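> The structure is given below, and queries will be raised subsequently.
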Amino acid sequence: MTNTIKRSPVYILALGIIVFQLAPFLWQVITSLKLDKDLSSLPPIFPNKITWLHYQNIFQNTHFYKYILNSAVVAVSVTLLCLFLGSLAAYSLARLPIKGKGLILLLFLSTSMFPQIAVITPLYNLIKGIGLYNTYFGLILSYMLFGLPLSVLLLYGFFRNIPYEIEEAAYMDGCGYFRTYWQVCLPLMAPGLVTAGLLVFIASWNEFLFAITFTNSIEAQTIPVGIAMMPQMFFVPWGDTAATSILVTLPLILLVLIFEKKLTQGIMGGAVKG
């Protein structure tokens, strides 16, 4: 009983943090289930009558599916490319005798710390100059600017945690560097790959600044841009906007729940130096 009383401030603080984190999402859920006439009425907080009209409006909007498709293509492509190239770079830095290794890691770290707005003008000129404006490839290239350094830095720690004796045994069996990386190290890296992949995917799925700057039509615009385009000149469809936000957030929640165990292992494993 005494320990419980002593820990009560910690429990209260934890509860406060949980409520603070969940409040925006819960508010969006409530808003998406309200009638239009009740959206500006407080109280009540909870709707007197639940309506699915806003979700019906979204599913009947053909543009919604195009936005989702664009986001999925870009986010999946960025994630796969960052995992493949990032794991190759991280393995090379962790295992090969490369001069200036610390400087290279510092450059990756510096790149990941740049604010997007600091690089948007030269990146816009580059993408426009090579003909990738308003294309999937333009978005993928720009997203990788921040996704790739994140993948390298995360996976570098995991490769260093793999006992070198395992790789030595593979070399003795006739494996080269790439075969050892592909058949021996990558299977041991599952938690790290899941962690890096989820972080890159979530960042790519939610990215807005590059998406609205490097696109100008629905052919390449992603779902965050689609949500921003929903307000009209004299009317903001709060209910439809809230419903769309919930729908595009659910896949991310589902991914985190599915890979929760490996994500936890990855975060803990990447924090330990080898």
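> So, in the range 57-100, exactly how many residues are closer than 18 Å to T249 by Cα and among the β-branched types (V, I, T)?
The number of residues fulfilling the criteria is 6.
> Got a number for residues in the range 52-81 being touching a residue at least 60 places away in the same chain (Cβ under 8 Å) and not charged (D, E, K, R)?
19
> From the list E219, E207, which residue is among the acidic types (D, E) and buried (at least 22 other Cβ atoms within 10 Å of the Cβ)?
Values: E219 fails: buried (at least 22 other Cβ atoms within 10 Å of the Cβ).
None of the other options fit; the residue is E207.
> So how many residues does the range 103-142 have that are in a helix (DSSP H, G or I) and in contact with a Leu (Cβ under 9 Å, 6 or more places away or on another chain)?
Pass one, the range 103-142, residues in a helix (DSSP H, G or I): 103-113, 116-129, 136-142.
Applying the additional criterion that residues be in contact with a Leu (Cβ under 9 Å, 6 or more places away or on another chain) yields 104-105, 108-109, 111-112, 116-117, 119-120, 123, 126-127, 138-142.
Looking only at that region, the number is 18.
> Give me the pairs, please: first residue somewhere in the range 93-120 and closer than 20 Å to C82 by Cβ and assigned by TED's automatic domain parsing to the domain that holds Y143, second residue anywhere and of a type in the set (D, E, K, R) and assigned to a loop (DSSP other than H, G, I, E, B), beta-carbon distance under 9 Å, and either six or more positions apart or on two chains.
Close Cβ pairs (under 9 Å, with a partner that is of a type in the set (D, E, K, R) and assigned to a loop (DSSP other than H, G, I, E, B)) amount to Q116/E207.
> Only one of A90, A75 is of a type in the set (A, V, I, L, M), touching a Ser or Thr at 6+ places or on another chain (Cβ under 7 Å) and assigned to a helix (DSSP H, G or I). Can you tell me which?
A75
> Quick one: I98 ticks every box in (1) surrounded by 17 or more Cβ atoms within 10 Å (Cβ to Cβ); (2) among the aliphatic types (A, V, I, L, M); (3) not in a helix (DSSP H, G or I) except a single one, so which number is it?
(1)
> Test each condition in (1) more than 25 Å from the chain's Cα centre (by Cα); (2) under 30 Å from F146 (Cα atoms) for I45 and report the one that comes out false.
Here I45 meets the rest and fails (2).
> Just the residues that are more than 29 Å from G102 (Cα to Cα) and β-branched (V, I, T), please, taken from the range 53-90.
Selection gives I58, T62, I68, V73, V74, V76.
> Given the criteria among the aliphatic types (A, V, I, L, M), out of contact with any strand residue (DSSP E or B) (no Cβ under 8 Å at 6 or more places or on another chain), modelled with pLDDT under 85 and surrounded by fewer than 15 Cβ atoms within 10 Å (Cβ to Cβ), does I12 qualify?
no
> More than 30 Å from G176 (Cα to Cα) and surrounded by 15 or more Cβ atoms within 10 Å (Cβ to Cβ): which single residue out of I58, I50, I104 fits that description?
Result of the check over I58, I50, I104: I58.
The values are calculated or read from the model by the stated rules, or taken from the named source; none is laboratory data. Please read these numbers as outputs of a predicted model, since none were measured by experiment. Neighbour counts run over all protein chains shown; Cβ positions are idealised from the backbone, glycine included.
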